[in-house]
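For reference, the structure is listed below as structure tokens.
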Amino acid sequence: MYYGAIKNCDIANGVGVRVTLFVSGCTNCCPGCFQPETWDFAYGQPFTAETEQELMEMLAPDYIDGLTLLGGDPFEPRNQEALLPFLQRVKQAYPGKNIWAYTGFTLEQLETEGSYPRCETTDAMLGLIDILVDGPFVEAQKNIRLRFRGSENQRIIDMNASRAAGGIICES
């Protein structure tokens, strides 16, 4: 897996102060995407053990609320395979910090057997995500007043509440 950027002390991509990893690779290719360069799976730099360690160190301070994954798309199957062990490591080392993930796929697509983004690691990865911002960016529904999303079709899903309720619970 490759990544395009890492941001420390990010306040735009989730609640609180966050460390943000922009992964590379996206097959959704949404018209109007704010980072079309990240559609290329080889954009940026390789995600290595050193990259993981750098992120772990950035997550350590108490003022960091958690990790955000976006891209590209962290739920591209080949990205899931690389991210799952890293997310497991984050949850083990920092159980009090939360993980947000942005995806152009819907939660329903991620949960549907046989759909493109669903693979052997999807359920485990979803199990580590606290907040999922799902759905493709739709330029005709763009709304710059929305918090933490770019278009009105996208949902901010509280994954912990959704798991507890047995259905999708969205935040406003």
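What follows draws every value from the coordinates through simple rules; no lab data is involved. It should be emphasised that the depicted structure is a prediction, and the values quoted were computed from it without experimental measurement. With ideal geometry, Cβ positions are generated from the backbone for all residues, glycine too; neighbour counts draw on all protein chains shown.
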Subject >> the stretch 111-132 residues that are free of Cβ contacts under 8 Å to residues at least 24 places away in the same chain, paired with ones that are of a type in the set (S, T, N, Q) (beta carbon under 6 Å, 6 or more apart) >> reply: 115/109
**OP:** Considering only residues that are of a type in the set (S, T, N, Q) and either farther than 18 Å from residue 53 by Cβ or under 12 Å from the mean Cα position of the chain (by Cα) (or both), look in the stretch 1-27 and name the one that is surrounded by the most Cβ atoms within 10 Å (Cβ to Cβ).
**Re:** 24
**OP:** Hey, can you tell me all the residues within the stretch 11-22 that are free of Cβ contacts under 8 Å to residues at least 60 places away in the same chain and in a strand (DSSP E or B)?
**Re:** 19, 20, 21, 22
Subject >> Residue count for the stretch 134-172, restricted to those that are in contact (Cβ under 8 Å) with a residue 60 or more places away in the chain and either within 23 Å of residue 26 (Cα to Cα) or not β-branched (Val, Ile, Thr) (or both) >> reply: 7
Original post:
Looking at 79, 8, which is the one that is touching a strand residue (DSSP E or B) at 6+ places or on another chain (Cβ under 7 Å), more than 20 Å from residue 156 (Cβ to Cβ) and not in a strand (DSSP E or B)?
Top reply: 79
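Search the stretch 37-58 for residues being within 16 Å of the chain's Cα centre (by Cα) and not in a loop (DSSP other than H, G, I, E, B), and hand back the single one that is nearest to residue 86 (Cα to Cα).
The selected residue is 52.
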Original post:
Does residue 87 satisfy the criteria of being part of a strand (DSSP E or B), surrounded by 21 or more Cβ atoms within 10 Å (Cβ to Cβ) and free of Cβ contacts under 8 Å to residues at least 60 places away in the same chain?
Top reply: no
Subject >> Candidates 129, 156 - the one that is part of a loop (DSSP other than H, G, I, E, B) and under 18 Å from the mean Cα position of the chain (by Cα) >> reply: 129
